[in-house]
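Engineer: Take this structure, written in structure tokens, and hold onto it; I'll ask about it next.
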Amino acid sequence: MTADAVESPRMSYRDALREGLRDALRSDPRVFLMGEDIGRYGGCYAVTKSLLAEFGEERIRDTPLSESAFVGAGIGAALGGLRPIVEIMTVNFSLLALDQIVNNAATLCHMSGGQCPVPLVIRMATGAGRQLAAQHSHSLEGWYAHVPGLRIVAPATLDDARGMLGAALRCPDPVLIFEHIGLLNMEGTLTAGAVPVDIDRAAIRRAGRDITLLTYGGSLYKCLEAATQLAADGIEVEVVDLRTLRPLDDALIVDSVRRTHRALIVDEGWRSGGISAELGMRIVEQAFFELDAPIARVCTAEVPIPYPKHLEDAALPSVPRIVASARALVSREP
Amino acid sequence: MPSLGADMEAGTLVEWRVQPGAHVHRGDVMALVDTEKGIIDIESFEEGMVERLIVQPGARVPVGAILALFEGEPTKLAPPQSAARAQRVSPAARARAAQLGIDPQTLKGTGPQGVVTLQDIEQAPAGQGPPPSPAAGRAGIRNAIAVSMSRSKREIPHYYLQLTMDLRPALDWLEQFNASRPVPERLLLAALFNKATARAAAEKPGFNGYYGKAGFEAAKSVHLGVAIALRGGGLVAPAIHEADQKTLPVLMRELQDLVMRVRAGHMRSSEISSATITVTSLGDEGVDVVYPIIHPPQVAIVGFGSVVERPWAIDGRIEPRPLVSVTLAADHRVTDGRLGAQFLARIRDFLTRPEDL
Amino acid sequence: MSGSSAAVEPALGAQILALLVEIAPDVDPAAVRPAEDFRRQFDFDSMDVFSFATALHAKFGLDIPERDYRQLASLEKCAAYVAAKLGDRHAPPAALKS
């Protein structure tokens, strides 16, 4: 993300999300937004700022404080032929709409023999790092990735922040987009001449031959920093951005591990029963005989995310922990 | 009972070649063991006095079982099975070892907590795949060749150079040498080819060694692999150790001994997997040129075609000369054509002055 | 015994066969066709021929110049060659039993 993309102005991840929303609202009259404080206030993370003035109250709709109600309304709108984009403030609050998401949105297409697809997009903030305490900081995307009928994506780059929304709207299944709060102020430029963005495949963000780091969302940049530090010691790290947590891109994941023979999974979710456990098991199922070291994980400590800064930092995956774990897997004894 | 291949679980003792009280040196053949792949001569890992033979001929025992005891060294003949179990091997290393015919239990692990890793396997001296036997091991040898050659063509960027050499000086010298000697002391041209190649390899380390995961590592000695065709198909390339240091008569005797033993299925455990560069010769088959495939993890192979009499321009005149086409296939990750050309030129130099070989 | 005879004297033939198996243990002596070249029958190469000549030298005490190697190419030729060489030295056939 440097000066070589001359024509693209610098912008934040937040701006890229907004550009994605703007693209969708402009290109398809069936698209509309709803959620708490997304209109007049501009969204609790200011992603939808100024959209009300541009597109009007019909398409940028503030809702009452009832996740269950407005997610349910979104499902109804999608069934009725519209393309609703629902914003939930954080993944923690989405639990109030869990019944609508898991029991209705995910199931209706299947229960109707394919007659009632639910092309609903739900955006929500996830992750920690901004001292918002345990009720606003968890990473529960792994839970949602458990549920068939849903599609779970986690954009980590500006291009994905802007482009994944379009692909999500074209998908006949409900898509949940998890936007990490630690990335919102990250600045960069969009790739000039936007390439179509998919929500099916993982991406190799850095190629290496010694160990594969599997990660997504806010942890991607910690992994890239760790890879840079390890490169100074001659350890070539491959960093895989999962991008989509359901379905997982087994082909790319397994191919990478087959080449490097080692895997370290970095996930801001908790270890127990998390997406990291699923990833590890898939590697064992599909590439056991290629492994040259145990699979390892760096996850968040098994506590509700603490409020004090030093405790929050200690609980989350950090660059030093990633570096140490990777080093342990590739270390050699004389 | 040493393991002579990753898939070997047990072996049958065929014959003892030592008796209690015998003093053996490292490398002495102690016993013949029949494996699924043929009969192998088991060499001693130790020097010492044989105290007691534990296993009787005809008995089939698992890998790791004690075959005999040395005086005062009750467990040194072979690692006990418990120790073999203690050596941890990563799944990838285990799979690759099986492909290459290497026993991971014989290696020292350098991974975390001493585990044998893929790198340890790939840097180990190459396995020849399963050891040979005239009949029973044929399918095993075919499979070993398939695995090894497929890997070579998949992984090694070969480059090929070919140099035609005038053998008049070598053949004249050889004829003179042989004329004055009884049959057993005579040399074959193959001995000269091998010696010349070994000495060139000693001078050009980029062609003598192994390419592992950490890149190329030059070998300290020249262990010359000699491709030996088995009657009815199949090929093995056991090593003549430190071939560059041996005189032509010694080299000739070792070559003769090796060919006979290999075809009889008596390859020694130490010869199976230690070659650092290989020579292949198809001269007897009448082909002009051979374009050989490198035997991984080695990085070079030298091929000799038939010696044929052809017109050769020399000092502005055409003369009939005995010529041979010598081919080098080398690993482009390690060396370039210029070095390869120098390597071939060294072989020619040596063959031009056979009296100095 | 004449060098051009196609018949192989049995005692001599048996001794030569034994040498053949010694230097090429993977050869089945029962399958040897006396008139056919070893090269064609058993893929003999120059090393086999050399080993064979070495064994003949050791067994019969013959000096076999290199240019004569091709006269060892089959069992018949070899027997004739050995017989002729031994005849040259006026050694009686009984000496073969050594």
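The values are calculated or read from the model by the stated rules, or taken from the named source; none is laboratory data. Please read all numbers here as calculations on a predicted model, not as lab measurements. Neighbour counts are summed over all protein chains in view; Cβ atoms, including those assigned to glycine, are modelled from backbone coordinates with ideal geometry.
Engineer: Could you check how many residues of segment C:22-48 are assigned to a helix (DSSP H, G or I) and either under 17 Å from B:VAL262 (Cβ atoms) or more than 10 Å from chain B (Cβ to nearest Cβ) (or both)?
Structural biologist: The number of residues fulfilling the criteria is 11.
Engineer: So how many residues does segment C:49-87 have that are of a type in the set (A, V, I, L, M), within 10 Å of chain B (Cβ to nearest Cβ) and not in a helix (DSSP H, G or I)? Write out each step before concluding.
Structural biologist: So in segment C:49-87, the residues of a type in the set (A, V, I, L, M) come out as C:49, C:53, C:55-56, C:58, C:62, C:64, C:72-73, C:75, C:79-80, C:82-84, C:86.
Restricting the remaining residues to those that are within 10 Å of chain B (Cβ to nearest Cβ) gives C:49, C:53, C:55-56, C:58, C:62, C:64.
Next, from what is left, pick out any that are not in a helix (DSSP H, G or I): C:62, C:64.
Residues flagged as of a type in the set (A, V, I, L, M), within 10 Å of chain B (Cβ to nearest Cβ) and not in a helix (DSSP H, G or I) within segment C:49-87 amount to 2.
Engineer: While we're here: In segment B:199-214, which residues are within 15 Å of the chain's Cα centre (by Cα) and among the basic types (Lys, Arg)?
Structural biologist: Within segment B:199-214, none qualify.
Engineer: Additional query: For segment B:153-176, which positions are in contact (Cβ under 8 Å) with a residue 60 or more places away in the chain and assigned to a helix (DSSP H, G or I)?
Structural biologist: B:LYS153, B:GLU155, B:ARG168, B:PRO169, B:ALA170, B:LEU171, B:TRP173, B:LEU174
Engineer: Just wondering, is there one or more residues in segment B:289-303 that are under 16 Å from the mean Cα position of the chain (by Cα), within 14 Å of another protein chain (Cβ to nearest Cβ) and surrounded by 18 or more Cβ atoms within 10 Å (Cβ to Cβ)?
Structural biologist: No, there is no match, as no residue in segment B:289-303 is under 16 Å from the mean Cα position of the chain (by Cα), within 14 Å of another protein chain (Cβ to nearest Cβ) and surrounded by 18 or more Cβ atoms within 10 Å (Cβ to Cβ).
Engineer: I want to confirm something. Restricting to segment A:308-324 and keeping residues that are surrounded by 14 or more Cβ atoms within 10 Å (Cβ to Cβ) and assigned to a loop (DSSP other than H, G, I, E, B), which single residue is farthest from the other protein chains (Cβ to nearest Cβ)?
Structural biologist: A:LEU316
Engineer: Follow-up. Determine whether segment A:85-101 contains at least one residue that is under 18 Å from A:ASP37 (Cα atoms), buried (at least 17 other Cβ atoms within 10 Å of the Cβ) and under 13 Å from the mean Cα position of the chain (by Cα).
Structural biologist: yes
Engineer: In segment B:276-297, what residues are under 24 Å from B:TYR211 (Cα atoms) and not β-branched (Val, Ile, Thr)?
Structural biologist: Residues satisfying the conditions are B:SER281, B:TYR291, B:PRO292, B:HIS295, B:PRO296, B:PRO297.
Engineer: List every residue pair whose Cβ atoms lie under 7 Å apart, where the two residues are 6 or more positions apart in sequence or sit on different chains, the first residue falls within segment A:287-316 and is over 30 Å from A:HIS261 (Cβ atoms), and the second residue, located anywhere, is in a helix (DSSP H, G or I) and at pLDDT 95 or above.
Structural biologist: Pairs that qualify, where the first residue is over 30 Å from A:HIS261 (Cβ atoms) and the partner is in a helix (DSSP H, G or I) and at pLDDT 95 or above, are A:VAL303/A:ALA315; A:ILE305/A:GLU312; A:ILE305/A:ALA315; A:PRO306/A:GLU312; A:PRO306/A:ALA315.
Engineer: So which residues in segment B:328-357 are charged (D, E, K, R) and assigned to a strand (DSSP E or B), if there are any at all? Give the derivation first.
Structural biologist: Step one: of segment B:328-357, the residues charged (D, E, K, R) are B:331, B:333, B:336, B:338, B:346, B:348-349, B:353, B:355-356.
Passing the criteria: only B:ASP331.
Engineer: Let me ask something else about it. Do any strands (runs of 3 or more DSSP E) lying entirely in segment A:26-105 carry at least 2 residues that are touching a residue at least 12 places away in the same chain (Cβ under 8 Å) and either among the polar types (S, T, N, Q) or within 21 Å of A:PRO172 (Cβ to Cβ) (or both), and which ones are they?
Structural biologist: Values: elements: A:31-35, A:60-62, A:83-90.
Here the list reads A:31-35, A:83-90.
Engineer: Check segment C:53-72 and report whether any residue there is closer than 18 Å to B:ALA264 by Cα and not small (Gly, Ala, Ser).
Structural biologist: yes
Engineer: Okay, next question. Every residue in segment A:143-163 that is in a helix (DSSP H, G or I), crowded, with 21+ Cβ neighbours inside 10 Å and over 10 Å from the mean Cα position of the chain (by Cα), please. Talk me through it step by step, then tell me what you get.
Structural biologist: Applying the first criterion (in a helix (DSSP H, G or I)) to segment A:143-163 yields A:143-144, A:158-163.
Of the ones still in play, those that are also crowded, with 21+ Cβ neighbours inside 10 Å are A:144, A:158, A:160-163.
Scanning segment A:143-163 gives A:TYR144, A:LEU158, A:ARG162, A:GLY163.
Engineer: Restricting attention to segment B:227-269, which residues are among the β-branched types (Val, Ile, Thr) and either over 11 Å from the mean Cα position of the chain (by Cα) or within 12 Å of chain C (Cβ to nearest Cβ) (or both)?
Structural biologist: Hits for segment B:227-269 are B:ILE228, B:THR247, B:VAL250, B:VAL259, B:VAL262.
Engineer: What residue, among those in segment B:178-188 that are more than 8 Å from every other protein chain (Cβ to nearest Cβ) and in contact (Cβ under 8 Å) with a residue 24 or more places away in the chain, is surrounded by the fewest Cβ atoms within 10 Å (Cβ to Cβ)?
Structural biologist: B:GLU185
Engineer: So, one more: Can you report the number of residues in segment A:164-198 which are touching a strand residue (DSSP E or B) at 6+ places or on another chain (Cβ under 8 Å), part of a loop (DSSP other than H, G, I, E, B) and either more than 16 Å from A:MET124 (Cβ to Cβ) or small (Gly, Ala, Ser) (or both)?
Structural biologist: Going through segment A:164-198 one residue at a time, the tally reaches 6.
Engineer: Specify which of the listed residues (A:ILE283, A:ILE305, A:ILE253, A:ILE265) is part of a loop (DSSP other than H, G, I, E, B) and surrounded by 14 or more Cβ atoms within 10 Å (Cβ to Cβ).
Structural biologist: Going through A:ILE283, A:ILE305, A:ILE253, A:ILE265 in turn, the sole match is A:ILE305.
Engineer: Right, here's the next one. Given (1) within 24 Å of the chain's Cα centre (by Cα); (2) more than 30 Å from B:GLN119 (Cβ to Cβ); (3) surrounded by fewer than 22 Cβ atoms within 10 Å (Cβ to Cβ), identify the lone condition not met by B:LEU351.
Structural biologist: Status for B:LEU351: all satisfied but (3).
Engineer: If you don't mind, another one. In the list A:ALA301, A:ALA328, A:ALA293, which residue meets the criterion of being away from chain B (no Cβ under 14 Å) and small (Gly, Ala, Ser)?
Structural biologist: Result of the check over A:ALA301, A:ALA328, A:ALA293: A:ALA301.
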